[in-house]
């Protein structure tokens, strides 16, 4: 399956297929994938709170390629640690608000893949790589309980990302992330007087840690 078809199927159907071997992406495929990602950004941004960050095409395409390769590594078990290092490459751009949101267009699906990879073998080199990557992209990884964010400053400085992130960690019911000093007052504000009804465990946990 091409990267373009992978993105389209992921976004529209929530399922994917990948090629049975790792081969370089075709130049035209990368161009068309970029077009799809731009269109998805335009559509998705209407559901985000407030003014979204501008589009970062480099981050969007990098994240889509990373996710595609990660799926391949989950499925093609003969590939080893050296292959992982060679093909799951870190982002080389600036981790700005624009990059965080653009990467999230596909990275929001990473928690499901992470759970699948960890279920196969918790000590697998792929799981270790995904844990490192996930800590660097916390906006997209709110649903992974084991991942501790490295830095929330860029997220917290952008109103749209901040609101969306708080919503995500509440939805994930992740007490550890919600107790983060920068997040706790925002979580309390979002839950308001309905905290005991919407999330009783949060009220109990907060009382215990006061």
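Can you name every one of the helices (runs of 4 or more DSSP H) wholly within region 47-111 that holds 2 or more residues which are in contact with a strand residue (DSSP E or B) (Cβ under 9 Å, 6 or more places away or on another chain), outside the structural domain of residue 130 (by TED's automatic domain parsing) and within 19 Å of residue 152 (Cα to Cα)?
Because the criterion is at least 2 residues that are in contact with a strand residue (DSSP E or B) (Cβ under 9 Å, 6 or more places away or on another chain), outside the structural domain of residue 130 (by TED's automatic domain parsing) and within 19 Å of residue 152 (Cα to Cα), no helices (runs of 4 or more DSSP H) in region 47-111 meet it.
For region 164-183, enumerate the residues that are over 14 Å from residue 108 (Cα atoms) and buried (at least 17 other Cβ atoms within 10 Å of the Cβ). Selection gives 166, 170, 174, 175, 177, 178, 180, 183.
Taking the condition surrounded by fewer than 17 Cβ atoms within 10 Å (Cβ to Cβ), under 26 Å from residue 66 (Cα atoms) and assigned by TED's automatic domain parsing to the domain that holds residue 60, does residue 145 pass? For residue 145, the condition - surrounded by fewer than 17 Cβ atoms within 10 Å (Cβ to Cβ), under 26 Å from residue 66 (Cα atoms) and assigned by TED's automatic domain parsing to the domain that holds residue 60 - is met. Screening region 6-27 for residues that are in a helix (DSSP H, G or I) and in contact with a helix residue (DSSP H, G or I) (Cβ under 9 Å, 6 or more places away or on another chain) and picking the one that is nearest to residue 77 (Cα to Cα) gives 6. For residue 17, the requirement of being assigned by TED's automatic domain parsing to the domain that holds residue 124, at pLDDT below 95 and more than 20 Å from residue 125 (Cβ to Cβ) is met. Of everything in region 112-127 that is out of contact with any helix residue (DSSP H, G or I) (no Cβ under 9 Å at 6 or more places or on another chain) and part of a helix (DSSP H, G or I), the residue that is modelled with the lowest pLDDT is 119. Consider residue 145 carefully, then state whether it is in a helix (DSSP H, G or I), at pLDDT below 95 and closer than 29 Å to residue 194 by Cα. So residue 145 fails the test. Reported count of residues in region 32-88, each being farther than 30 Å from residue 123 by Cβ and touching a residue at least 60 places away in the same chain (Cβ under 8 Å), is 10.
Pairing each residue of region 180-198 that is not assigned by TED's automatic domain parsing to the domain that holds residue 156 and assigned to a loop (DSSP other than H, G, I, E, B) with any residue that is loosely packed, with under 14 Cβ neighbours inside 10 Å and modelled with pLDDT of 90 or more, provided the two are 6+ apart or on different chains, yields C-beta distances under 9 Å for 182/153.
Among the residues of region 39-57, those identified as in contact with a helix residue (DSSP H, G or I) (Cβ under 7 Å, 6 or more places away or on another chain) and surrounded by 14 or more Cβ atoms within 10 Å (Cβ to Cβ) are 40, 41, 44, 48, 52, 53, 55, 56, 57. Would a scan of region 75-90 turn up a residue that is buried (at least 18 other Cβ atoms within 10 Å of the Cβ), modelled with pLDDT under 90 and over 26 Å from residue 52 (Cβ atoms)? Within region 75-90, one or more residues are buried (at least 18 other Cβ atoms within 10 Å of the Cβ), modelled with pLDDT under 90 and over 26 Å from residue 52 (Cβ atoms).
The values are calculated or read from the model by the stated rules, or taken from the named source; none is laboratory data. Predicted model only: the values in this text are computed from it and were never measured. When we count neighbours, we look across all protein chains shown, and the Cβ atoms used for this are built from the backbone with ideal geometry, even at glycine.
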